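To start, the structure itself, in structure tokens.
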Amino acid sequence: MEIENRAEMTSQPGSQAAATDASTRQRVLDLLLERGTMTAAEFADALSLTAAGVRRHLIALVDSGEITTIEQSGPRGRGRPASVYQLTADGRKGFGQAYDDLALSALAELVAIAGPDAIGRFAERRLADLEDDYRRRRGTDPDKDPMEVLAEALSAAGYFAETAAGGELCQHHCPVVDVATEYPQLCDAETSVFARLLGSDVSRSATIAHGAQACRLHVGGPTPLPNPVSALADRKVNA
């Protein structure tokens, strides 16, 4: 099978082979954005590639700085892979993070003119389109789980969101991560808006802006905190 795959690749014109490689590597990045971490074997299964074939793409993405390997915690059993792959900050930038030096400068000027509270007001206004989309979706399907509806609205806005067991909402991408790192009020405003839309207490247990692989929010009840606790963990907003 591997020999056949190699023969097929060498028979393709150079530009077509390059396009195929680029498409496959983008799929690798997409999978990591959705799942957080994956092993080489999991990539091979998801992409229907041989181990050697997927390894070539992973090496290329590591060399380009878009993904990195991390050691798995816990004892290694027989056949347990030594490491898994995850996106780097550079890898995330390819998913359309809507920020730049101008945005940071503009917000700094806003704070200088109107005070630090202006950031929170600005952040809530920035989420107005998301709120409108959520309410439209709820009106279309009022019986659907509100958390699922919010995840759909967030995904449409570029957050790659999904719900998880135990009342958890995960956002696998942050379009404004650099700005949120400098101004955590953006994260607080999101939490406040989510609490208002869902009519429930909402707490954050992790954020991409502070190094996590996903922004994790817990809806209702006590928040299961990570270990170690991140800088923005357990920032709770009551509905």
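The values are calculated or read from the model by the stated rules, or taken from the named source; none is laboratory data. Just so it is clear, the structure is predicted and the values come from calculations on it, not from any experiment. Using ideal geometry, Cβ is built from the backbone for each residue, glycine included, and neighbour counts are taken over all protein chains shown. SASA here: full protein model, heavy atoms, side chains in, ligands and nucleic acids out. Shrake-Rupley method; radii C 1.70, N 1.55, O 1.52, S 1.80 Å.
The residues of the range 162-208 that are in contact with an Asp or Glu (Cβ under 8 Å, 6 or more places away or on another chain), in a helix (DSSP H, G or I) and hydrophobic (A, V, I, L, M, F, W, C), listed by number, are Ala189, Val193, Ala195, Leu197. The single condition from (1) touching a helix residue (DSSP H, G or I) at 6+ places or on another chain (Cβ under 9 Å); (2) at pLDDT below 90; (3) not hydroxyl-bearing (Ser, Thr, Tyr) that Arg78 fails is (1).
Exactly one residue out of Ala157, Ala164, Ala209 is in contact with a Cys (Cβ under 7 Å, 6 or more places away or on another chain), within 28 Å of Pro116 (Cα to Cα) and not hydroxyl-bearing (Ser, Thr, Tyr), and it is Ala209.
Among the residues of the range 12-36, the one identified as outside any helix (DSSP H, G or I) and either charged (D, E, K, R) or open to solvent by 60 Å² or more (accessible area, probe 1.4 Å) (or both) is Pro13. Determine whether Leu232 is open to solvent by less than 20 Å² (accessible area, probe 1.4 Å), at pLDDT below 90, within 22 Å of Arg92 (Cα to Cα) and not basic (Lys, Arg). Spelling it out, Leu232 is indeed open to solvent by less than 20 Å² (accessible area, probe 1.4 Å), at pLDDT below 90, within 22 Å of Arg92 (Cα to Cα) and not basic (Lys, Arg).
Does Glu148 satisfy the condition of being without any contact (Cβ under 8 Å) to a residue 24 or more places away in the chain and out of contact with any helix residue (DSSP H, G or I) (no Cβ under 6 Å at 6 or more places or on another chain)? Criteria met by Glu148.
Taken together, the residues in the range 201-214 that are under 22 Å from Arg135 (Cβ atoms) and either open to solvent by less than 30 Å² (accessible area, probe 1.4 Å) or in contact (Cβ under 8 Å) with a residue 60 or more places away in the chain (or both) amount to 1.
Condition check for Gly115 on (1) farther than 19 Å from Val193 by Cβ; (2) of a type in the set (Gly, Ala, Ser); (3) open to solvent by 30 Å² or more (accessible area, probe 1.4 Å): one failure, at (3). Here Arg136 does not qualify as farther than 17 Å from Asp178 by Cβ, at pLDDT below 90, exposed (fewer than 13 other Cβ atoms within 10 Å of the Cβ) and of a type in the set (D, E, K, R). Among all residues of the range 180-190, there is none that is over 30 Å from Met38 (Cβ atoms) and without any contact (Cβ under 8 Å) to a residue 40 or more places away in the chain. Restricting to the range 37-70, name every residue that is open to solvent by 40 Å² or more (accessible area, probe 1.4 Å), assigned to a loop (DSSP other than H, G, I, E, B) and farther than 24 Å from Arg216 by Cα. Correct list: Ser48, Leu49, Ser64. Here is a check on your reading of the model: is Arg121 at pLDDT 80 or above and either open to solvent by 50 Å² or more (accessible area, probe 1.4 Å) or part of a loop (DSSP other than H, G, I, E, B) (or both)? Yes; evaluated as a whole, the condition is true for this residue.
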